[in-house]
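The values are calculated or read from the model by the stated rules, or taken from the named source; none is laboratory data. Predicted, not measured: the structure shown is a model, and the values here were computed from it. Ideal geometry is used to build each Cβ from the backbone, glycine not excepted, and the neighbour counts take in all protein chains shown.
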Amino acid sequence: MIFDKLRGGFLLFIRFLRYLRGHVKFFARSGSFERLINLCAHHRVPLWDCRREEAGYSGRTTVDGYRRMRPLARKAGAVTRVKERHGLPFLLRRYRRRIGVAAGAALFIAFFAVTQQFVWVVEVQGNERVDSQVLLQALEELGVRRGVLKSGLDAREIQLEVQLKVDDLSWAALNIRGTTATLLVRERTVPPQKIDTKVPANVVAARDGQIVSMAVTDGRAAVRKGDAVREGEILVSGVFEDRWGLNHLLRANAKVIARVPESLAVEVPLTQSRAVPSGRVVKRRYLELPGVRLPLFLYSGLDGEYKVEKVTRPPVLLGVEMPFSVTRETYIFYETEEERISAETALRIAERQLAAKERGAWASGAVVKREVSAKTEGGRVVLTGEYLVEMDIARQVEIPVFDRTGQGEKALREGGY
């Protein structure tokens, strides 16, 4: 991959040099083209992109190379002529009497050279949990924004300040290449929530249901497989009695799978509104400069309903992004029509919506029983699903402990169920 990038950069540099020096595309007929190529190689005349055509041969060479090639072509019995001219020398020759064009080109080159000293693109990479806007806002507060002078930025100091401003970062690096400032970040690994195992607790039911299985790791089971339990009922007790009749407290822990009744419902109106394109499309362009947005159109009102498609891209010249962007906004107008659908169509739509709700609510295979009923009322189809879902209903609730050592009942820890 690195070799391919180096090769691509080298070829781009060669094309740039050829553009500066100028080159021509020539056509040769008659004679021996192979001998012409050998003579050019012997006299070090550069040739490239040589190929056979219907009436002869074509190739490319430099301006000086074409002058040196003409006597060699006569030796090979070939007749050559120039088909195309490319490069800066021909461009300057074409506009040599137009001072304004030359001055404009010089100003453009100067403008381009000056703009390369500024940052025009700010981007963030490597973040997943941290919002990109939070990181971009932190960079802006530290002075990294579009249009800032690159020499005024201390990358090391900024990347340290970003880590102090954003708590969820464990590492950050600011790279400034060309006109782009890239913040590379690595997010901090969130440690699991620490549970104080010394605090006694019961395991209670988080939902009503019928117990399917129990896996008790600590505590005394208060119910058995097959029992029906109510929300808040103790499943595993954190209080146990030893053989001498003394009570002890511990933190009960268990996984209790129960079948829990659930229900979902969706409604689909029989009268649907849909957007129909009217055929009217309005396109607008804006020139995006640092802190300024310039419209490149004559303003006119937008009447009616429409949706907007927005694309912002910086122009690219010779593989380099320009220090400004062009935004294209496309307004697609539509009309709203009311459409009456049949009850069968509405039912199919409701079934798809209900299936999507089921996938979002429970894990695959959790539903052990499913009953669906449909009815039409009030101009809509109502689809209702009744389910039995297997889930873990265990929830730890701390046991309140009181101090009775002399100052009445003083709660050491709040809790309970």
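Worth a mention:
- Here residue 176 clears all of (1) modelled with pLDDT under 85; (2) of a type in the set (Val, Ile, Thr); (3) in contact with a helix residue (DSSP H, G or I) (Cβ under 8 Å, 6 or more places away or on another chain); (4) surrounded by fewer than 17 Cβ atoms within 10 Å (Cβ to Cβ) except the condition numbered (1).
- Boolean, residue 323 is over 25 Å from residue 376 (Cα atoms), out of contact with any strand residue (DSSP E or B) (no Cβ under 7 Å at 6 or more places or on another chain) and either at pLDDT 85 or above or not β-branched (Val, Ile, Thr) (or both): no
- Tabulated pairs, the stretch 112-129, first farther than 16 Å from residue 180 by Cβ, second among the hydrophobic types (A, V, I, L, M, F, W, C) and modelled with pLDDT of 85 or more, C-beta under 9 angstrom, 6+ apart or interchain: 127/134; 127/135; 127/169; 127/183; 127/185
- Whichever residue in the stretch 278-296 is touching a Lys or Arg at 6+ places or on another chain (Cβ under 9 Å) and under 25 Å from residue 335 (Cα atoms) and, among such residues, is surrounded by the most Cβ atoms within 10 Å (Cβ to Cβ): 284
- Residues of the stretch 388-406 that are at pLDDT 90 or above and either assigned to a loop (DSSP other than H, G, I, E, B) or within 37 Å of the chain's Cα centre (by Cα) (or both): 389, 390, 391, 392, 393.
- When the stretch 50-64 is filtered for residues that are farther than 15 Å from residue 33 by Cβ and under 50 Å from the mean Cα position of the chain (by Cα), the ones remaining, listed by number, are 62, 63.
- Being outside any strand (DSSP E or B), within 30 Å of residue 29 (Cα to Cα), in the same structural domain as residue 34 (by TED's automatic domain parsing) and at pLDDT 85 or above holds for only one residue in 68, 81, 85, 60, and it is 68.
- Residues in the stretch 142-179 that are assigned to a helix (DSSP H, G or I) and more than 23 Å from residue 322 (Cβ to Cβ): 155, 156, 157, 158, 159, 160, 161, 162, 163, 164, 165.
- The set of residues in the stretch 30-51 that are more than 17 Å from residue 84 (Cβ to Cβ) and either free of Cβ contacts under 8 Å to residues at least 12 places away in the same chain or acidic (Asp, Glu) (or both) comprises 34, 38, 41, 42, 44.
- Scanning the stretch 127-161 for residues that are β-branched (Val, Ile, Thr) and either more than 18 Å from the chain's Cα centre (by Cα) or surrounded by fewer than 18 Cβ atoms within 10 Å (Cβ to Cβ) (or both) yields 134, 144, 148, 158.
- From the list 371, 386, 358, 377, the lone residue that is free of Cβ contacts under 8 Å to residues at least 24 places away in the same chain and either under 28 Å from residue 256 (Cβ atoms) or crowded, with 17+ Cβ neighbours inside 10 Å (or both) is 371.
- Failed item, numbered, when residue 330 is tested on (1) free of Cβ contacts under 8 Å to residues at least 12 places away in the same chain; (2) part of a strand (DSSP E or B): (1)
- For the residues 324, 297, the requirement of being within 30 Å of residue 122 (Cα to Cα) and touching an Asp or Glu at 6+ places or on another chain (Cβ under 7 Å) singles out 324.
- Of all residues in the stretch 269-293 being hydrophobic (A, V, I, L, M, F, W, C) and at pLDDT 85 or above, the one that is farthest from the chain's Cα centre (by Cα): 270
- Which listed residue is modelled with pLDDT of 90 or more and charged (D, E, K, R), from 371, 339: 371
- The number of residues in the stretch 26-54 that are assigned to a loop (DSSP other than H, G, I, E, B) and β-branched (Val, Ile, Thr) comes to 1.
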